[in-house]
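Participant: Handing you this structure, nothing more for now.
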Amino acid sequence: MKRVVVGLSGGVDSSVAAYLLKEQGYEVIGLFMKNWHDDSVTISNECPWLEDSNDAMIVAEKLGIPFQTVDLSEQYKERIVDYMFNEYEQGRTPNPDVLCNREIKFDVFMKIALDLGADYVATGHYCRKEVTEVNGEPVYRLMAGIDGNKDQSYFLCQLSQEQLAKALFPVGELTKPEVRQIAAENELITADKKDSQGLCFIGKVRLPEFLQQKLQPKEGVIVEVTAEEVLQKQQEKQQIIKDDVLANKAAKLSYSPEDGKVVGKHQGAHYFTIGQRKGLGVGGTVEPLFVIGTNVEDNVIYTGQGKDHPGLYREALFIREHELHWVREDLALKEGETMEVLARIRYRQPLQKARLHRVESGLYVEFEQPQSAITEGQFAAFYLEDELIGSGVIS
């Protein structure tokens with residue numbers, strides 16, 4: 001009997017994952033990760049992690065599996081929260097869920113599980129793992145979940161072969177309604193529980209308040225830039241970066257306050273991200289304003305009217321060498337090589353046709369169609385059909 005430690009989060013997906021593994025004959029242990037102590041920045045008055053750990057414990061009792069809570073809040077603060085603050089401070093927008101999987105669930109948590117004698121670690125992610133052979137060695141494939149609406153492979157885009165080797169994803173072959181049905185049939189308390197919409201394992205957090213713990217509010221201006229001004233700037237950029245077509249497509253425009261008119265004030269450029277529409281507090285425009293650029297040094301936000309504003313769109317992005325990651329190391333491109341892939345720059349975005357170009361300093365991802373709100377600090381993930389083969393931080 002192989003031993004599996006399941007990360008029981010107190011949600012329906014991990015509850016059903018534990019149930020399925022037990023049915024398959026594994027020896028199952030449930031572990032709840034406590035990753036946060038500061039309740040002052042969570043939205044709900046009740047303590048979300050307490051409620052979640054309670055639900056996880058009740059599920060474990062129902063399934064007759066051992067259960068314990070592990071406190072990883074110190075590592076979480078160090079590896080996720082501090083990183084987040086640092087990224088926001090630099091005007092980038094991090095993805096804590098991708099990092100949480102790489103740094104916490106499949107690293108710190110996985111080590112604890114292996115110390116408990118586990119053969120595998122399981123989570124409630126909607127994705128699948130397959131194994132193939134390359135040169136006589138097993139190679140693990142990270143596949144999209146069967147439920148296209150819930151596929152969570154993107155969140156695991158930074159996992160390594162070593163991590164995948166020890167991972168199990170029991171609900172990846174199911175749809176969300178099927179998972180809820182299994183939970184209901186087996187009278188699991190989490191059957192109708194709503195999906196959590198918060199930072200990985202912290203619960204619901206008000207991001208501006210969360211960031212204000214470290215990043216002080218400071219007033220700056222909101223500048224509106226017209227579509228014509230952006231098109232003019234794009235032409236100028238082409239003149240400057242003449243010889244390198246890819247660099248030109250990937251380079252973002254830089255704005256100055258003279259490029260537009262001041263339409264409002266904000267409390268800190270580092271609280272805003274490209275493509276953001278809510279929270280600007282500026283009315284009276286024909287179409288809603290979207291953030292098309294931020295400058296944290298000068299504390300200025302640049303905006304444009306409407307979701308089709310040219311300032312929102314770019315045809316390519318760049319990933320620096322040290323921020324490039326191959327899940328399938330055997331498919332890693334060498335300098336000068338290209339590859340046709342499907343790519344996404346955020347969770348839930350439909351896959352887009354793209355071509356990878358490997359250069360000495362990193363990797364260009366060139367899209368067939370221009371993409372809206374390519375955002376520094378987020379992860380771009382690339383797929384061959386429904387296999388996720390690599391990813392990197394958008395620079």
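Participant: When the stretch 355-382 is examined, which residues are found to be within 22 Å of Y313 (Cβ to Cβ) and either of a type in the set (F, W, Y) or not in a strand (DSSP E or B) (or both)?
Facilitator: Within the stretch 355-382, Y364, F367, A373, I374, T375, E376, G377, Q378, F379, F382 meet the criteria.
Participant: Considering the stretch 54-96 alone, what residues qualify as being out of contact with any His (no Cβ under 9 Å at 6 or more places or on another chain), among the polar types (S, T, N, Q) and under 21 Å from D107 (Cβ atoms)?
Facilitator: Q68, T69, Q75, N86, N95
Here is a yes/no grid of residues against (1) touching a Leu at 6+ places or on another chain (Cβ under 6 Å); (2) of a type in the set (D, E, K, R); (3) at pLDDT 95 or above:
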| residue | (1), (2), (3) |
| --- | --- |
| Y26 | no, no, yes |
| M33 | yes, no, no |
| C47 | no, no, no |
| E51 | no, yes, no |
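Participant: Hey, does the stretch 323-331 have a residue that's aromatic (F, W, Y) and within 19 Å of S372 (Cα to Cα)?
Facilitator: Checked the stretch 323-331: no residue is aromatic (F, W, Y) and within 19 Å of S372 (Cα to Cα).
Participant: Going through the stretch 14-29 one residue at a time, which ones are surrounded by fewer than 24 Cβ atoms within 10 Å (Cβ to Cβ) and not in a loop (DSSP other than H, G, I, E, B)?
Facilitator: L20, L21, K22, E23, E27, I29
Participant: Are there strands (runs of 3 or more DSSP E) fully within the stretch 229-337 with at least 3 residues that are in the same structural domain as S372 (by TED's automatic domain parsing)? List them.
Facilitator: 313-326
Participant: In the stretch 117-128, which residues are within 15 Å of K2 (Cβ to Cβ), crowded, with 18+ Cβ neighbours inside 10 Å and not aliphatic (A, V, I, L, M)?
Facilitator: Passing the criteria: only Y120.
Participant: Looking at the stretch 227-245, which of its residues are of a type in the set (K, R), surrounded by 12 or more Cβ atoms within 10 Å (Cβ to Cβ) and farther than 18 Å from G306 by Cβ?
Facilitator: Within the stretch 227-245, just K237 meets the criteria.
Participant: Name every residue in the stretch 131-167 that is of a type in the set (D, E, K, R), touching a strand residue (DSSP E or B) at 6+ places or on another chain (Cβ under 9 Å) and either in a loop (DSSP other than H, G, I, E, B) or in contact (Cβ under 8 Å) with a residue 24 or more places away in the chain (or both), in order of residue number.
Facilitator: If the condition is that a residue be of a type in the set (D, E, K, R), touching a strand residue (DSSP E or B) at 6+ places or on another chain (Cβ under 9 Å) and either in a loop (DSSP other than H, G, I, E, B) or in contact (Cβ under 8 Å) with a residue 24 or more places away in the chain (or both), then R141, D151, K166 are the ones that fit.
The values are calculated or read from the model by the stated rules, or taken from the named source; none is laboratory data. All figures in this text were calculated on a predicted structure; none of them were measured in a lab. For neighbour counting, all protein chains shown are included, and Cβ atoms are generated from backbone atoms with ideal geometry for every residue, glycine included.
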